[in-house]
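Asks: What follows is a structure written as structure tokens; I'll ask about it next.
The values are calculated or read from the model by the stated rules, or taken from the named source; none is laboratory data. Because the structure is a prediction, the values reported are computed rather than measured. As a convention, Cβ positions derive from the backbone with ideal geometry for all residues, glycine included, and neighbour counts pool all protein chains shown.
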Amino acid sequence: MPRLSRSVGDVRSSPVRDILALTELNRPRGGMFVWARLPCGWDASALLDRALACGVAYVPGAPFFAASPDARTMRLAFVTNGVRQVGDGLARLAAALVGGPVEGA
């Protein structure tokens, strides 16, 4: 998993992370996903359509909670992408966030 660790490390220190204004971004010890939590007032499921329109996809995290789902969470996959692709994907996600919070129905 060295490539994943390097990609995640670059993302954590990247200015793109600041643009995204994520309140939390974990650094996994392995696996396929990085978990992110959007700031209060956001709903990751509701934001997905806007993200897809910007050319990026993620998995909303709420369905993965056994109890008390957190609608602000998302799972970001990096295992098949290099550092440049990760940066491009996060820039696209940042573009989706520009319109302001999207709340669930």
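Asks: For region 1-59, enumerate the residues that are of a type in the set (Lys, Arg), at pLDDT 85 or above and under 12 Å from the mean Cα position of the chain (by Cα).
Replies: Step one: of region 1-59, the residues of a type in the set (Lys, Arg) are 3, 6, 12, 17, 27, 29, 37, 50.
Checking the rest, the ones that are also at pLDDT 85 or above come to 37, 50.
The one that is of a type in the set (Lys, Arg), at pLDDT 85 or above and under 12 Å from the mean Cα position of the chain (by Cα): Arg37.
Asks: Which one is farthest from Val98 (Cα to Cα), of the residues in region 25-54 that are of a type in the set (Lys, Arg) and either surrounded by fewer than 13 Cβ atoms within 10 Å (Cβ to Cβ) or touching a residue at least 60 places away in the same chain (Cβ under 8 Å) (or both)? Talk me through it step by step, then tell me what you get.
Replies: Here is the first cut: in region 25-54, the ones of a type in the set (Lys, Arg) are 27, 29, 37, 50.
Then keep just the ones that are either surrounded by fewer than 13 Cβ atoms within 10 Å (Cβ to Cβ) or touching a residue at least 60 places away in the same chain (Cβ under 8 Å) (or both); that gives 27, 29.
Working: Arg27: 25, Arg29: 31 Å.
Only one residue tops the list, namely Arg29.
Asks: In region 75-86, what residues are in contact with a helix residue (DSSP H, G or I) (Cβ under 6 Å, 6 or more places away or on another chain), within 26 Å of Cys40 (Cβ to Cβ) and not in a loop (DSSP other than H, G, I, E, B)?
Replies: Matches in region 75-86: Val86 only.
Asks: What are the residues in region 42-74 that are part of a loop (DSSP other than H, G, I, E, B), under 17 Å from Leu93 (Cβ atoms) and not β-branched (Val, Ile, Thr), if any?
Replies: Of all residues in region 42-74, those part of a loop (DSSP other than H, G, I, E, B) come to 42-43, 54-58, 61, 65-72.
Retained after the next criterion (residues that are under 17 Å from Leu93 (Cβ atoms)): 42-43, 54-58, 61, 71-72.
Those that are part of a loop (DSSP other than H, G, I, E, B), under 17 Å from Leu93 (Cβ atoms) and not β-branched (Val, Ile, Thr): Trp42, Asp43, Cys54, Gly55, Ala57, Tyr58, Gly61, Ala71, Arg72.
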